[in-house]
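First the structure, in the form of structure tokens, and then the observations on it.
The values are calculated or read from the model by the stated rules, or taken from the named source; none is laboratory data. Since this is a predicted model, take the numbers as computed values, not measurements. Heads up, the Cβs are rebuilt from the backbone with ideal geometry, glycines too, and the neighbour counts pull from every protein chain shown.
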Amino acid sequence: MDYVPYAVPFFLLAILLEFLYGILKKNNTYRLNDTVSSLFMGSLSGASKLILIGAGGLVFKAIEDHYALWRLSDNLLITSVFIFILYDLCYYWFHRISHERKIFWGAHVAHHQSEEYNLSTALRQTSMSFILSWVFYVPLFMIGVPAEVFVSIASINLIYQFWVHSQHVPKLGWFDYVFVSPSNHRVHHAQNDSYIDKNYGGVFVVWDRLFGTFQEELNNEKCVYGIRGPIRTFNPLWANVHVYLGIFKDILKAKSFKDKLYAPLSPTGWKPESMDVGTLSNEYNPDTFQKFDPQVHKLINIYAFIQLLILAAIGNFITEYGSSSYSTGLILVTLLVLTMVSCTQWLDGKSAIILESVRLIFLSILSITLILRNVFSYELVFLISYICLNFLLLPFLNKYHNLFSLKQ
């Protein structure tokens, strides 16, 4: 059983409470643009599961049915505890490789792009993990872990990782020594030279201590969050694909066939000899680092936040209830992506009027198609109202954007 959908309302409530606590303590760790971007990516990750079908499930089923050494009991507590520990060990190696090799980093980087650190960062999930993450869990199925137990354990592991994305929880003494804690995980998300590529465990930090990747949070060095070579945009689409495009460029630039083959599995800092390493912008300098925080008009922030609420509701509906067909799901996810990209373009301080117009025209065609098919419902009335309101807001958004740009 997957427990994550049931935990989502509690995640959102915890985010609200952490925000209010930060305001009360005069230590707010949230920015609207960054939070909207993270939640956009969380919604996209959930909705994209409808159309991005990975090979992992098929492989797991084949192993469970034909190649497992034996089948572990699915109703013994000791079995669940054993699988929980073993799953976290597999997760450690998956997480570690996801930071050390480019093709795996491409499916994980989105989670680390936020330059803030709060509970909303935990929901900033990739939409590309379906590609290769399953490989690291094959051993569990080889030793007979039942699929239903695997899903339950994986969801519990993921739920645990939510609470450690906070700056408000101090060090916890002995707990930090055994378990992944907010202090340990703050180190993991930091790009400081002392902290980068450390603390990979999901629940247990003992793996990092055993395999030499542990780093304690230092009292005299504050964590600086984000990635080396920041993407300087809130665009969720670019956030998910930019590393893969970089790999493709490396393959094109590589002189030897060996380097072309090596590029996808190369270390994250590797470049073919033909590339001018001096032009790369992935060095961390604490004196020059600045967060990406374009100052835009309040209307744009409010607009993006309202769109987030609407998309979250739609994304939750898609994830929970699915759609009538694959093509319908594809259309809905495409609309989600268009809306997210246009909103984040406004948040980037750029005009998105062309993209917004395309999106609204697309929605208008969809509405007309439904009307011609005599499909009338409350949802259609809402859709038409939504389109009209967005068309009315469009010139104001562009006007305020232009006025703000002129002030610069």
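Quick notes
- Residue in the range 315-322 that is at pLDDT below 80, more than 25 Å from Gln191 (Cβ to Cβ), exposed (fewer than 13 other Cβ atoms within 10 Å of the Cβ) and among the charged types (D, E, K, R) present: yes
- Within the set Ser364, Ser351, Ser405, the sole residue that is part of a helix (DSSP H, G or I), at pLDDT 85 or above and either on the phi > 0 side of the Ramachandran plot or more than 24 Å from the chain's Cα centre (by Cα) (or both) turns out to be Ser364.
- Taken over the range 112-142, the residue count meeting the criterion of being of a type outside the set (Ser, Thr, Tyr) and touching a Lys or Arg at 6+ places or on another chain (Cβ under 7 Å) is 2.
- Residue list for the range 255-274, restricted to those being surrounded by 11 or more Cβ atoms within 10 Å (Cβ to Cβ) and either part of a helix (DSSP H, G or I) or β-branched (Val, Ile, Thr) (or both): Asp259, Lys260, Leu261, Tyr262, Ala263, Pro264, Leu265, Thr268
- The single condition among (1) part of a loop (DSSP other than H, G, I, E, B); (2) under 22 Å from the mean Cα position of the chain (by Cα) that Ala154 does not meet is (1).
- Taking the criterion of being surrounded by 15 or more Cβ atoms within 10 Å (Cβ to Cβ) and assigned to a loop (DSSP other than H, G, I, E, B), the residues of the range 170-196 that qualify are Val180, Ser181, Gln191, Asn192, Tyr195, Ile196.
- Filter result for Asp208 (crowded, with 18+ Cβ neighbours inside 10 Å, over 21 Å from Ser127 (Cβ atoms) and touching a Pro at 6+ places or on another chain (Cβ under 9 Å)): no
- Taking the criterion of being crowded, with 21+ Cβ neighbours inside 10 Å and in contact (Cβ under 8 Å) with a residue 60 or more places away in the chain, the residues of the range 138-148 that qualify are Phe141, Val145.
- The number of residues in the range 7-47 being more than 18 Å from His165 (Cα to Cα), touching a helix residue (DSSP H, G or I) at 6+ places or on another chain (Cβ under 9 Å) and exposed (fewer than 12 other Cβ atoms within 10 Å of the Cβ) comes to 0.
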